[in-house]
Amino acid sequence: MSSDPDPGRERRRALQHETLLGFLGFFAFLALVQAVGNLFAPEPALWPGVLAGVLVGLTWWVWRRG
């Protein structure tokens, strides 16, 4: 018998980390596509690039943390 009260905790934390990474990665990709498409607009806005930068930064941070 294990002394650990929750033997599945580590696996659950790993799954949560992978889920967060996938969520951020997916939306970072979409934001990057939107930011690149925005570059070809007659009057490009700043917010798509800022959003893409924030999401890519968060994705990188979560990936490095895991």
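Read-outs: derived from the displayed coordinates by stated rules, not from any lab. Keep in mind that this is a model prediction, so the values were computed, not measured. Using ideal geometry, Cβ is built from the backbone for each residue, glycine included, and neighbour counts are taken over all protein chains shown.
Output the 0 to 90 degree angle, nearest 10, between the alpha-carbon long axis of helix 9-39 and the longest principal axis computed from the alpha carbons of the chain.
Helix 9-39 sits roughly 0 degrees off the main axis of the chain.
Helix-only estimate, please: 222 nm mean residue ellipticity of the chain, summing -39500 (n - 2.57) across DSSP H runs of length 4 or more and dividing by its residues, to the nearest 500. Intermediate results must be reported in sequence, preceding the final value.
On the way: 2 runs with 50 residues, N = 66.
Rounded to the nearest 500, it is -27000 deg cm²/dmol.
Tell me the Kirkwood hydrodynamic radius of the chain in angstroms, computed as one over the mean inverse distance between distinct C-alpha pairs.
Details: mean 1/r = 0.0725 Å⁻¹.
Evaluated over the chain, this radius sits at 13.8 Å.
Which value, in debye to the nearest 20, describes the size of the charge dipole of the chain about its Cα centre when Lys and Arg Cβ atoms bear +1, Asp and Glu Cβ atoms bear -1, and nothing else is charged?
Numbers: 6 positive and 5 negative charges, 36 e Å.
Result for the chain is approximately 180 debye, rounded to the nearest 20.
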